[in-house]
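Contents: one structure, followed by commentary.
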Amino acid sequence: MKLSVQGISFCYRSEDVVSGVSFEAAEGQIVGILGPNGSGKTTLLKCLNRVLSPKEGTVLIEGVDYRQRTRKEIARQIGVVPQSANSNFPFTALDIVMMGRNPELERFEREKESDLQIVSNAMRMTNTSALADRPMDQLSGGERQRVIIARALAQRPKIMLLDEPTLHLDVNHQIEILDLISRLAREERMLVIIVTHDLSLAARYCDRIILMRKGRIVSAGDVTQVLTRENMAKVFSIDAAIYYDERIGTHNVAVIGAIKEGKE
Amino acid sequence: MDAVDVASLQKRKLARWGAITAAMAAGLVLSMLITLNIGAVSMPFDTIIDVLLGGGNKFQRSIIMDTRLPRIILAALVGAALAVAGAAMQGVFRNPMASPYVLGISAGAAFGASLAIVTGISWLSGQLAVPSMAFLFCFLTLLLVYSISRTKGGFVPVETLLLAGIAVGAFFNALVSLMKYFAGEELSAIVFWMMGGLWQARWEDVAISLPMIVLGSAILWLMSRDLNTMMVGEEHALHLGLNVNGVRLIILLAASLVTAAAVAVSGIIGFVGLVVPHVVRLLVGPDHRILIPVSLLGGAIFMVWMDTLARTIILPAELPVGIITALLGAPFFVYLIISRRRKMGWVK
């Protein structure tokens, strides 16, 4: 599985939100798209599965231009965990995960035995089986997020996109969700792309980082190459350092202080 | 963690759905048979069955076949249509307050219909002018209310939705009043029809509304999986590969079709589309695959009994059924507002 993003630009009204973004990524990787608020991360994510159609550029999924695919076909290859799921109507966790099979079903078709098996597996992997008949609005933020991840898994995607998966979660749930995601990336050989503004979590969990500012890529590559002192100062206006932390066996970011805007 | 037995959960759910649908269908048939015998003249049950099967004397046939049966069938159709339209609109707007009446869509349809009555436009055949004008304006009103109340991301907040409904409804009501003012001989026809009643029910009305309601409800039922997805959120639906704009347009068209069919034959009957889907949702949950058919049957049963009440409560005269549904529905609406105040952030 290979994803090739080729010169994507997108604008709201006449303002460029994403301009000329290109990168490549392959299965088994966790790629972090990192940047401050308003840097175009979420817009870029939505361009990756054509929920938003880029003004320029395109995306190749396994060498095929995604403009030749229907929405449904794209949804069979790319699963998405959007920022929040609120509903006035109390669907159960199982109902929600079952929706992950929709891209595979015809209008008149009922879920088959194999669909149920896939759903059951997705719930087992995300540890949500016990929540199956609980209504979504009675679950905690972390439980809801796991259910939405299970739904994305039920799409049996080769690529999984997550938009700020740890936003609004308690710290213990943040770690739990990201441990789950990185395990899935290895075990299921998926390409995982995570949009986040959390430097420490990105340093800890991502194999590669794409650093964005004002809709453009500032730097892309391995974690240590991208998260340099200069880059973090330039993009986030902070004085911060990346270091290898033996206790977690991977990289971490220490934020030393803020740099006043305009002095960079 | 053990794997959850999804298959058995699913099987149990389908069995429950089947049982509920069968019970509601039986309830509807039974309601129609019982109400056939309620009225100024009553006759033994086996006589009714006899008449339905083609027997009985001329007098009995006239009461059952020409008066009560078309009216009961029409009541069932109108109730079914309004309830299904309400269920679909609540789904598409992601908002439990939506219904044809509350959103002013019935008023739009009424304007279209009275335009057809007053101007005497007729195309295809004179019979179809009223329902087709009702449908046209129904859809236009729905689009108008939707585009006024929609915010970024497709979310429709309850406040703007209700306000848009009030504004648009007031506008079309004013237009209807204007037309009444200028109408000559047709005035009584409009006034009578606007009150919302089924007392002039004829077999022709059944013939006009039945195909529209069957078609519209069938479309909405086929879209029920999409409605489920859209209720979780527009963005979620897009990520699951749904063509949200196309699906929404089809649902709004189908909801307009059934609303227009009901309004064309019965005038404005309020609150059925609000109350019935709500009660049904409490009973069967939010899944449209069961919500739509059970709302249809529930709306039919509700309306059959309401109309029976309307035509017998002050015998030998009768009340417009719209008065009764409003008297029951308005307090229910208030209850909904109160129970949701906190959730909507209206009360700290």
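Starting at the first residue of region B:278-293, write each ³J(HN,Hα) from the Karplus equation 6.51 cos²θ - 1.76 cosθ + 1.60 with θ = phi - 60°, in whole Hz, x for Gly and Pro.
So the Karplus estimates, Gly and Pro as x, are 4, 5, 5, 5, 4, 7, 10, x, x, 6, 5, 4, 9, 4, 5, x Hz.
Restricting the count to DSSP beta bridges whose residues both fall in the protein assembly as shown, what percent are antiparallel, rounded to a multiple of 5?
Details: 31 of 49 bridges.
Here the antiparallel bridges make up roughly 65 percent for the protein assembly as shown.
Using the alpha-carbon centroid of each, what span in Å lies between region B:56-111 and region A:198-242?
61
Going by how many other beta carbons lie within 10 Å of each one, how would you line up B:Trp193, B:Trp199, fewest first?
On the way: B:Trp193 22, B:Trp199 16.
Neighbour counts put them in this order, fewest first: B:Trp199, B:Trp193.
Could you tell me what percent of the DSSP beta bridges with both partners in chain A are antiparallel, to the nearest 5?
Details: 30 of 48 bridges.
Within chain A, antiparallel bridges account for around 60 percent of the total.
Sequence-distant or interchain residues sharing an amide H contact under 5 Å with A:Arg216, placed H: which?
It is A:Ser19, by chain and number.
Could you list A:Ile194, A:Ile209, A:Ile242 in order of exposure, starting from the residue whose Cβ has the fewest other Cβ atoms within 10 Å?
On the way: A:Ile194 28, A:Ile209 25, A:Ile242 20.
The order, fewest Cβ neighbours first, is A:Ile242, A:Ile209, A:Ile194.
Which entries in A:Lys2/A:Lys41; A:Lys41/A:Lys112; A:Lys46/B:Lys11; A:Lys55/A:Lys260 show an alpha-carbon gap greater than 27 Å? Provide the component values of the computation, followed by the final result.
Values: A:Lys2/A:Lys41 20 Å; A:Lys41/A:Lys112 37 Å; A:Lys46/B:Lys11 36 Å; A:Lys55/A:Lys260 35 Å.
Pairs exceeding the cut-off: A:Lys41/A:Lys112; A:Lys46/B:Lys11; A:Lys55/A:Lys260.
Considering amide H positions built from the backbone, and no H for Pro or chain starts, which residues 5 or more places from A:Ile33, or on another chain, come under 5 Å of its amide H?
So A:Ile33 has HN proximity to A:Ile194, A:Val195, A:Thr196, A:Ile210.
With θ set to phi - 60° and the Karplus curve 6.51 cos²θ - 1.76 cosθ + 1.60, what are the ³J(HN,Hα) couplings of region A:229-243 in order, to the nearest whole Hz, using x for Gly and Pro?
3J(HN,Hα) across region A:229-243, in whole Hz: 4, 5, 4, 5, 5, 5, 8, 9, 6, 9, 9, 9, 9, 9, 8.
Output ³J(HN,Hα) for region A:189-202: one whole-Hz value per residue in order, computed from phi by the Karplus curve 6.51 cos²θ - 1.76 cosθ + 1.60 with θ = phi - 60°, and x for Gly and Pro.
Working through the residues one at a time gives 6, 9, 8, 10, 10, 10, 8, 7, 10, 8, 4, 5, 5, 5 Hz.
Enter the Cα centre distance for the pair region A:107-127 and region A:18-67, rounded to the nearest angstrom.
If you average the Cα positions of each part, the centres end up 28 Å apart.
Rank these for me by crowding, B:His239, A:His251, B:His278, going from fewest to most other beta carbons within 10 Å. Write out the running numbers ahead of the final one.
On the way: B:His239 28, A:His251 19, B:His278 22.
The order, fewest Cβ neighbours first, is A:His251, B:His278, B:His239.
Coordinate-derived values only; no laboratory data. None of the values given here were measured: they were computed from a predicted structure. Here Cβ is always computed from backbone atoms with ideal geometry, including for glycine, and neighbour counts include all displayed protein chains.
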